[in-house]
Amino acid sequence: MQQPLLEMQHVEICYDGKPTVFDFNLKMELGEILGIVGESGSGKSTLIKAAMGLLGTAGAVTRGDIYVKGKNVLDIQNDELRQMRGPEMGMIFQNCGSALCSIRTIGDQLYESMEQHHAIKRAAVDQLAMQLFEKINLPDSERILKSYPFELSGGMNQRVGIVMAMIQKPELLFADEPTSALDVTVQAQVIREMMALRNEFGTGIAIVTHNIGVVSYMADKVAVMHKGHLVEYGKTRDVINNSQEAYTRKLIQAVPRIRKR
Amino acid sequence: MAVDGISFQINKGECLGLVGESGCGKSTTAKMITRLEAADEGGIFLNGKEITQAGNKELRAIYRDIQMIFQMPVDSFNPRIRLGESIMESMINQGMKRHRAKARAQECLAVCGLPKEFADRYPHQVSGGECQRASIARAIANQPSLLICDEATSALDVTIQAQILKLIRQFQNEMGMTCLLICHDLALVQEVCDRVLVMSNGRIVEEGTPDEIIMNPREEYTKRLIDSVL
Ligand SMILES: Nc1ncnc2c1ncn2[C@@H]1O[C@H](COP(=O)(O)OP(=O)(O)O)[C@@H](O)[C@H]1O
Ligand SMILES: Nc1ncnc2c1ncn2[C@@H]1O[C@H](COP(=O)(O)OP(=O)(O)O)[C@@H](O)[C@H]1O
Ligand SMILES: [Mg+2]
Ligand SMILES: [Mg+2]
């Protein structure tokens, strides 16, 4: 039997001893796209950080287990976790542009993150990066590779951060509001590129967003969070069109939908 | 040049949408109307009166009539002043007595769904959605004839966005307020606006009712904007 890509069992997460996420259960299959929705403060980012082992000292998983391809990430050592980050699990977050190193060029940083995990030549990394840049509407990709982050706009750096995660073709990609700060036209390109990653390389994606449109477009399943609890979880079609929960319906009704005819 | 030779009018009581990619000049347009930015050429008229070169004294009267709400509510409040005082400030500047201004501030907070205790809080002591509601309270306290919302809800949760839009519509109905809604969410524009302008590269490229524009876009740029809505 195939191991699920990600499995969370009875997960409880606390900050300063105060529970923030309660008895959380979910299972993602290989290549699955999961949408996570909920109001701000409901614990979406906390959940993703826990799976990536990035809660730091402020927070802790106090109950339950988190498995990535059968490995309990709560049990494995930091070194091994670091090796997994990148090729096995990648992450895009809302301000990933600001996480770039300010004193090295984009090209150097991309190469460095790749050679940690793969035997690969600089030219090959540049080539891959330029292809991805063009696809998400960052033309003049040669110049971008030679640029320092401060020479690019916030939206451009955000897309560099997205490429940084995508270029590794991770098996599991966490995307925490990856496009909230981008223009709608750019957002659409980024979302299509994430879909292509799944279709070509079988990347499973857990995407946190407050854009229900994005969720219905790309997600196979949806998890709805409210105050740290998973209030609804199921196939996207069922949750969006036929929700069983009042909170989910409230969330969906609050979103204006465009009428094209 | 951020904005290049644009012409449009907003009719009394109307809600006009202004859409376009970031950097196309929407905020600059809003800032010119409120005179936070100077126009190099052309004229701007409020209620038929030219305000393009209005002096300080005139501007005070104009600022009572035009109010603006920004995307980042927290940045638009002085962090060291309680929300209630910030709301009262412009009323007092307009010559209102302190106790009257205070009562009016509490009234406006209540209309925006905030209990009067919020008047005593500092900006960092409230959530983003509450802070945005306080900035709407501040804007309507002056009973403006024109309210400009510059991406006022894009950083907020969808449920809070819905509440705020409901408030704005309510003020339009009850006080005949005119509204300029700058936003990049076409669905939202379709829901609340009577008319919409599409801006690209500092120019207005298309104008019509939201349904006309969305169902029959003429410009390539507008089509791209519509196709991007997932
Ligand atoms: N480092 C931290 N220390 C203490 N509390 C935190 C910390 N990070 C987040 N929280 C709290 O945990 C809750 C969930 O936060 P978060 O996971 O960021 O929500 P979401 O991503 O759904 O907006 C919030 O109430 C937040 O204030
Ligand atoms: N203070 C400024 N100085 C110089 N250029 C500016 C300034 N503010 C905005 N711009 C430029 O003017 C153009 C229009 O900006 P803006 O009106 O903020 O666009 P929008 O609100 O549509 O995103 C952009 O190209 C921007 O880079
Ligand atoms: Mg978050
Ligand atoms: Mg703007």
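The values are calculated or read from the model by the stated rules, or taken from the named source; none is laboratory data. Computed from a prediction, not measured in an experiment: that's the story for all the values here. All Cβ positions, glycine included, derive from the backbone under ideal geometry; neighbour counts span all protein chains shown. Note: accessible area is taken over every heavy atom of the protein model, side chains too, but ligands, DNA and RNA are not part of it. Shrake-Rupley method; radii C 1.70, N 1.55, O 1.52, S 1.80 Å.
Under 20 Å from a label point 7 Å along Cα→Cβ of A:D75: give me every residue in the stretch A:1-40 with its amide N that close.
Zone members listed by number: A:1-13, A:24-28.
Could you sort the residues of the stretch A:152-191 by number and keep only those whose accessible area is reduced by 50 Å² or more in the all-protein-chain setting relative to the chain alone, 1.4 Å probe?
Residues meeting the cut-off: A:D183, A:V184, A:T185.
Rounded to the nearest 20 debye, what is the charge dipole size of the protein assembly as shown about its Cα centre when +1 sits on each Lys and Arg Cβ and -1 on each Asp and Glu Cβ?
Dipole about the Cα centre, nearest 20: 1240 debye.
Can you tell me the FRET efficiency between B:N56 and A:R104 if r is taken as the Cβ-Cβ distance and R0 is 35 Å, rounded to the nearest 0.05?
Plugging the Cβ-Cβ distance into 1/(1 + (r/R0)^6) gives 0.10.
At 1.4 Å probe size, with no ligands or nucleic acids counted, give the accessible surface of B:S22 in Å², nearest ten.
Surface accessible to solvent at B:S22 totals approximately 80 Å².
List the residues of the stretch A:28-43 whose accessible area drops by at least 30 Å² when all protein chains are present, compared with their chain alone, using a 1.4 Å probe and counting only protein heavy atoms.
Those residues are A:E39.
At a probe radius of 1.4 Å, what is the per-residue accessible area of A:M194, in Å² to the nearest 10?
My reading of the accessible area for A:M194 is about 0 Å².
By the scheme Lys and Arg +1, Asp and Glu -1, what is the net charge of all other residues having a beta-carbon under 14 Å from that of B:P123?
My count for the surroundings of B:P123 gives 0.
Can you list residues whose amide H is under 5 Å from B:L18's amide H, if they're 5+ apart or on another chain and H is modeled 1.01 Å from N?
Correct list: B:L181, B:I182, B:C183, B:L197.
List the lysines whose alpha-carbon lies under 17 Å from that of B:K12, not counting same-chain residues fewer than 8 positions away?
Those lysines meeting the cut-off are B:K49.
Pull up the cross-link candidates among the aspartates and glutamates for B:K97, meaning alpha carbon to alpha carbon under 15 Å and not fewer than 8 places away within one chain.
Within the straight-line cut-off, B:K97 pairs with B:E85, B:E89.
Which residues' amide hydrogens lie under 5 Å from the amide hydrogen of A:A223, considering only partners 5 or more residues apart or on another chain, with H built in the peptide plane?
A:G35, A:I36, A:V37
Which of A:K121, A:K49, A:K169 moves the most in a Gaussian network model of chain A with Cα springs under 10 Å?
Maximum fluctuation in the GNM of chain A, among the listed residues, is at A:K121.
Roll a 1.4 angstrom probe over the protein heavy atoms and tell me the percent of accessible area of the stretch A:23-79 that is carbon or sulfur.
Roughly 44 percent of what the probe reaches on the stretch A:23-79 is carbon or sulfur.
What is chain A by shape, rounded, prolate or oblate, if you read a ≥ b ≥ c off the alpha carbon gyration tensor as root eigenvalues and call it rounded for a/c under 1.5, prolate for a/b larger than b/c, and oblate otherwise?
Note, shape of chain A comes out oblate.
Report the longest stretch of chain B that contains none of the trypsin sites (Lys or Arg not before Pro) sitting in a DSSP loop with at most 13 other Cβ atoms within 10 Å.
Segment B:98-217 is the longest.
Is there a pair in A:K71/A:K146; A:K49/A:K169; A:K227/B:K102; A:K169/A:K221; A:K135/A:K260; A:K18/A:K71 whose C-alpha atoms are over 30 Å apart, and which pairs would that be?
Long pairs (Cα-Cα over 30 Å): A:K71/A:K146; A:K227/B:K102.
For the stretch A:66-83, in order, what is each residue's ³J(HN,Hα) by Karplus, 6.51 cos²θ - 1.76 cosθ + 1.60 with θ = phi - 60°, in whole Hz (x at glycine and Pro)?
10, 10, 10, 6, x, 8, 7, 5, 7, 9, 7, 6, 4, 4, 5, 4, 5, 5
Under the rule of -39500 (n - 2.57) per DSSP H run of 4 or more residues, summed and divided by the residues of chain B, what mean residue ellipticity at 222 nm is obtained, to the nearest 500 deg cm²/dmol?
Computed ellipticity for chain B at 222 nm equals -12500 deg cm²/dmol.
May I have the pair-distance distribution P(r) for the protein assembly as shown, computed from all Cα-Cα distances with 10 Å bins from 0 and rounded to whole percent?
4, 17, 26, 25, 18, 8, 2, 0
Per-residue ellipticity at 222 nm for chain A, helices alone: DSSP H runs ≥ 4 residues times -39500 (n - 2.57), over residue total, nearest 500 deg cm²/dmol?
-11000 deg cm²/dmol
Which residues of the stretch A:224-261 show a drop of at least 50 Å² in accessible area when all protein chains are present, compared with their chain alone (probe radius 1.4 Å, heavy atoms only, ligands and nucleic acids excluded)?
Buried-area filter returns A:A254, A:P256, A:I258, A:R259, A:K260.
Taking the Cα-to-Cβ direction at B:A39 and at B:K166 and moving 7 Å from each Cα, how far apart do the two end points lie in nm?
Taking the two extended label points, one gets 3.7 nm.
Calculate what fraction, in whole %, of the accessible area of the stretch B:77-143 sits on carbon and sulfur atoms when a 1.4 Å probe is rolled over the protein chains.
C and S fraction of accessible area: 48 percent.
As an exercise, use a Förster radius of 45 Å and the Cβ-Cβ distance of B:R80 and A:D140 to find the FRET efficiency, rounded to the nearest 0.05.
With a Förster radius of 45 Å, E is 0.55.
5 Å is the cut-off here: which amide hydrogens, built 1.01 Å from N in the peptide plane, fall below it relative to A:L6, excluding neighbours closer than 5 in sequence?
When sequence neighbours closer than 5 places are left aside, the close amide H contacts are A:M28, A:K69.
Would you kindly derive the ³J(HN,Hα) couplings of the stretch A:246-254 from the backbone phi angles with the Karplus curve 6.51 cos²θ - 1.76 cosθ + 1.60 (θ = phi - 60°), listing them in order in whole Hz, with x for Gly and Pro?
4, 4, 4, 4, 4, 4, 5, 5, 6
Cα atoms only, chain B: Rg and Dmax in Å?
17.7, 55
Once Rh for the stretch A:1-150 is found with the Kirkwood sum over Cα pairs, what is the Stokes-Einstein diffusion coefficient at 10 °C and 1.306 mPa s, in µm²/s?
Using the Kirkwood radius from Cα pairs, D works out to 90 µm²/s.
Summing +1 for each Lys or Arg and -1 for each Asp or Glu, what net charge is found among the other residues whose Cβ lies under 10 Å from the Cβ of A:L34?
Residues near A:L34 contribute -1 overall.
Mind giving me the nanometre distance, one decimal, between the label points for A:D23 and B:E219, set 7 Å out from Cα along Cα→Cβ?
5.4
Ordered by residue, what ³J(HN,Hα) values in Hz, to whole numbers, does the stretch B:205-222 give under the Karplus form 6.51 cos²θ - 1.76 cosθ + 1.60, where θ = phi - 60° and Gly and Pro are x?
Ordered by residue, 3J(HN,Hα) equals 9, 7, 8, x, 6, x, 4, 4, 5, 6, 8, 9, x, 9, 8, 4, 4, 5 Hz.
Count, for each residue of B:186-192, the Cβ atoms from other chains sitting within 10 Å of its Cβ, then give me the mean as a whole number.
4
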